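Nothing in this text is a laboratory measurement; each read-out follows from the coordinates by a stated rule. Since the structure is predicted, the reported quantities are computational estimates derived from the model, not experimental observations. Cβ coordinates were reconstructed from backbone atoms using ideal geometry, including for glycine residues, and neighbour counts include every protein chain displayed.
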Amino acid sequence: MDGLKTHPVTSQGLPTYGTAILINIINEAGALPTKNFREGRFDGAEKISGETINAHCQERGGKYEHSCMTGCVVHCSNVYNDAAGHYLTSGLEYETVWALGANCLLDDIDAIAKMDRLCDDLGLDTIEMGDTFAVAMEGGLLPWGTGPA
Ligand code: SF4
């Protein structure tokens with residue numbers, strides 16, 4: 001516990017930006033799943049990054065440094081609200097953001113959050129859904145990068 005509370009990643013990075021702190025880092029490394037895994041960099045990464053999620057949480061009355069279960073000492077979760085301050089989802093994670101975002105060329109973090117909420121309500125895995133959408137987009141069944149579609 002002392003190690004987690006003193007290491008900069010688990011005591012500062014993850015609590016502030018959540019697991020989506022990895023979006024910008026992995027994008028810069030060229031390994032962010034993008035366009036149905038065909039590319040490793042996404043031009044819209046900043047818009048769906050942990051930094052943007054944190055900024056929206058602060059502006060909209062959401063939460064960061066949030067614990068998703070009792071006893072956790074890392075607090076990497078969040079509560080994400082829409083622009084009007086109404087609850088959209090919790091928590092918005094790295095895997096969800098790349099799967100429903102970069103891998104579908106979608107740079108709208110609010111649309112990703114809405115889909116995360118729908119997947120939670122329906123009991124669907126967000127990685128599987130994002131990858132399913134990406135295959136459908138590559139096959140011409142859906143347009144790339146649109147939240148409403
Ligand atoms: S228990 Fe929840 S808040 Fe804590 S580190 Fe794991 S995912 Fe993050």
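Where a ≥ b ≥ c are the square roots of the eigenvalues of the C-alpha gyration tensor, would you call the range 107-149 rounded, which needs a/c under 1.5, or, failing that, prolate if a/b is larger than b/c, or oblate?
oblate
What is the distance in Å between the Cα centres of the range 1-80 and the range 104-134?
When both Cα centres are located, 17 Å separates them.
Hey, which aspartates and glutamates would be in cross-link range of LYS63, C-alpha to C-alpha under 18 Å, not counting anything within fewer than 8 residues on its own chain?
GLU51, ASP82, GLU93, ASP110, ASP116
Using the Cα centre of the chain as origin and beta-carbon charges of +1 (Lys, Arg) and -1 (Asp, Glu), tell me which of GLY3, GLY145, VAL79 is placed farthest towards the positive end of the dipole.
The one lying farthest along the dipole's positive direction is GLY3.
Lysines within cross-link reach of LYS47: Cα-Cα under 18 Å, excluding same-chain residues under 8 positions apart?
List returned: LYS35, LYS114.
Peptides 134-147, 105-118, 82-95: what's the order by average Cβ count within 10 Å, highest mean first?
Answer by packing, highest mean first, reads 105-118, 82-95, 134-147.
Dipole size in debye (nearest 20) for the range 28-149 around its Cα centre, Lys and Arg Cβ +1, Asp and Glu Cβ -1?
Dipole size: approximately 100 debye.
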